[in-house]
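Below is one structure, written out as structure tokens, with a few remarks after it.
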Amino acid sequence: MDKTFHIVTFGCQMNVADSDWLARALLARGWRQVAEEDAWFFVVNTCSVRDKPEQKVYSELGRLLAHQRGKPGLTAAVGGCVAQQIGRGFFERFPFVRLVFGSDGVAGAPDALDALAEDPSARIALLDFLAAYPERQDVLTPVAAAPAFDADQGEPDAGPAQAFVNIMQGCDNFCAYCIVPYTRGRQKSRHPDAVLAECRLRVEQGAREITLLGQNVNSYGLDPASRGGGAGVGFAELLRQVAAIPGLVRLRFTTSHPKDIDPAVVRAFGELSNLCPALHLPLQAGSDAVLKRMGRKYDRARYLGIVADLRAARPEIALTTDLIVGFPGETEDDFQQTLEMMERVRFESSFSFCYSDRPGVASARMTPKVEEAVAKARLNRLQSLQNAITKESLKSLEGREAVVLLEAKSRKQDDGPSFWRGRDEAGRVVNLRLDGVEAAQPQNAGLELAGLLVRARILEAKNHSLLGEKVGQPW
Ligand code: SAH
Ligand code: SF4
Ligand code: F3S
């Protein structure tokens with residue numbers, strides 16, 4: 001069988017980063033990344049955070065199964081959080097699945113795929129949790145790849161100048177609603193030398209922006225697995241070391257748990273000029289009673305205190321968040337307090353979802369459950385408020401200047417051929433007209449603009465993005 005593969009990714013940026021690494025590792029071993037219809041091996045990287053993304057995985061596999069009827073021998077590998085949860089169950093349910101791997105198993109997936117290509121009857125499960133961060137063999141292989149991406153949440157289509165670098169795996173927090181500690185295992189910090197080596201290599205290969213990734217980056221280095229490694233480097237220190245890499249223009253990180261944010265990290269926003277003025281700080285709920293039942297270990301007052309400190313350190317910082325509505329026992333009054341927190345903090349944007357029962361988590365046993373219709377109505381109210389705040393905060397940027405990192409040509413047809421999409425320092429999407437610039441480089445249809453920075457003036461705020469014009473030449 002041809003060593004041709006196609007990757008479909010669901011879930012968070014950790015999954016996107018895992019898929020990206022897997023693609024690079026396979027390319028380095030002589031595999032070819034091809035369009036879906038030409039591939040013999042499908043990798044489906046899955047998410048289990050709510051019921052809906054889990055169901056999407058089954059419908060995706062059902063679709064591939066239909067495809068496989070005309071192409072016997074076609075093989076699927078299921079990775080990520082649903083793979084960890086269901087494990088070998090996939091072999092019975094979908095016989096063309098011949099590999100399942102969890103997040104600690106990703107490191108072994110390239111060898112496993114090679115073995116499947118050699119032996120068409122083999123089946124492999126890589127589901128064990130490891131004691132320390134499993135360093136990946138081919139991580140420093142310099143091959144550029146763009147894996148297919150189907151975002152359930154998060155930001156698709158990062159440009160060639162943006163790199164995502166894992167700093168840890170797993171989570172020890174066991175928030176009452178969350179399946180992640182079960183699907184990703186205990187927290188394991190990666191050795192800082194390995195993080196720095198990967199960041200340096202990515203910058204040498206052309207990355208101008210790096211996003212450090214972990215489920216709870218603020219507790220980097222605090223887990224027993226990393227203490228064993230003798231690193232003794234906390235998150236604030238790691239940020240400093242990465243920020244100092246010559247040529248790195250933008251540094252971001254996600255996700256932050258409010259309970260662990262260190263004052264030194266807050267200060268870093270005022271001290272490190274290439275640390276972007278943006279922070280995703282999941283609030284989850286605005287009522288102290290609900291936060292307590294969620295096991296979040298902070299209250300409204302503490303959250304607001306962190307927000308005030310962040311704004312003192314970096315006044316222009318853009319805050320975004322995650323919110324859950326309809327957590328078991330949430331009353332109308334609790335929900336009002338979530339609305340109120342949204343008004344007070346004025347998040348630039350947020351991901352918000354109805355609470356979804358997950359197998360085995362603590363809140364699955366909590367009652368009373370909020371009726372679906374009530375939760376949906378609350379979600380609509382929350383999202384309308386967010387939309388209004390987003391619009392106002394984008395509007396306030398009209399007339400200002402921003403530096404935009406160009407990502408790709410705009411996909412919207414009606415934008416015209418020479419519109420480019422990029423992001424400002426805070427991560428807001430900015431669309432720009434760049435006719436003159438492209439005319440100067442007709443032979444390569446504009447591809448080479450991706451990764452360049454351009455100074456822009458903001459002309460107009462759209463619902464979720466900005467429209468700008470360039471005020472200088474890209475560099
Ligand atoms: N580690 C990150 C979150 C990872 S999960 C953090 O702690 O912030 C991403 C988001 O999914 C969470 O922030 C939460 O808002 C949402 N989520 C997790 N479990 C959920 C559930 N059972 N129902 C609804 N939303 C959930
Ligand atoms: Fe889930 Fe909480 Fe861990 Fe985030 S910190 S991954 S919400 S358990
Ligand atoms: Fe989903 Fe697993 Fe990420 S459940 S959100 S892919 S950690």
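Computed from the coordinates by the stated procedures, all read-outs in this text should not be read as laboratory data. These numbers come from a predicted model, not from an experiment. Every residue, glycine among them, receives a Cβ derived from its backbone with ideal geometry; neighbour counts consider all protein chains shown.
Extension gain, Arg365 to Glu204: 0.36 nm times the residue separation minus the Cα-Cα distance gives 52.9 nm. Count Lys and Arg as plus one, Asp and Glu as minus one, and take only other residues whose Cβ is under 11 Å from that of Phe91; the net charge is then +3. Building the convex hull from the alpha-carbon atoms of the range 4-126 and averaging its projection over directions returns 6.6 nm². Pairwise Cα distances in the range 153-395 exceed 23 Å in 53 percent of cases. Straight-line reach from Lys71: which aspartates and glutamates fall under 16 Å, measuring Cα to Cα and dropping same-chain residues less than 8 apart? Qualifying aspartates and glutamates at Cα under 16 Å: Asp2, Glu36, Glu37, Asp38.
Going by Cα centres, the range 319-365 and the range 18-32 are how many Å apart? When both Cα centres are located, 38 Å separates them. By the beta carbon rule, with partners counted only under 4.7 Å, the chain holds these lone Cys residues: Cys12, Cys47, Cys81, Cys171, Cys199, Cys276, Cys354. Taking 23 Å as the limit for the C-alpha separation, the pairs Lys259/Lys292; Lys188/Lys259; Lys292/Lys391; Lys56/Lys391 exceed it in the case of Lys292/Lys391; Lys56/Lys391.
Cross-link partners of Lys409 among lysines, defined as those whose alpha carbon lies under 21 angstrom from its own and excluding same-chain residues fewer than eight positions apart: Lys462, Lys470. Each stretch of four or more DSSP H residues adds -39500 (n - 2.57); spread over every residue of the chain, this sum gives -10000 deg cm²/dmol at 222 nm. Got a sec? Which residues in the range 176-206 would a label at Val374 touch, if it sits 7 Å along Cα→Cβ and we count backbone N under 16 Å? Taking a point 7 Å out along Cα→Cβ of Val374, no residue of the range 176-206 has its backbone N under 16 Å. Annotation: average projected area of the range 300-402 is 8.0 square nanometres, based on the convex hull of Cα atoms across all directions.
Magnitude of the charge dipole for the range 153-395, about its Cα centre and with charges confined to Cβ atoms of Lys, Arg (+1) and Asp, Glu (-1), is about 280 debye. Calculated on the alpha-carbon coordinates, the convex hull of the chain measures out at 151 cubic angstrom per residue. The charge dipole of the chain, taken about the Cα centre with unit charges on the Cβ atoms of Lys, Arg (+1) and Asp, Glu (-1), comes to about 420 debye, rounded to the nearest 20. Would you work out which of Ala308, Leu113, Leu452 lies farthest towards the positive end of the dipole of the chain? Charges go on Cβ: Lys and Arg +1, Asp and Glu -1. Farthest along the dipole direction, towards plus: Ala308. Of the trypsin sites (Lys or Arg not before Pro) found in the range 341-391, the ones in coil according to DSSP and having at most 15 other Cβ atoms within 10 Å of their Cβ are Arg346.
Sequentially through the range 313-328, phi angles give Karplus couplings (6.51, -1.76, 1.60; θ = phi - 60°) of 6, 8, x, 8, 4, 9, 9, 10, 8, 10, 9, 10, 10, x, 4, x Hz, Gly and Pro residues having no value and appearing as x. When only the Cβ of Lys, Arg, Asp and Glu is charged (+1, +1, -1, -1), the dipole of the range 4-126 relative to its Cα centre reaches about 280 debye. A cut-off of 5 Å between modelled amide H atoms, ignoring neighbours fewer than 5 places along the same chain, links Ala278 with Ala318.
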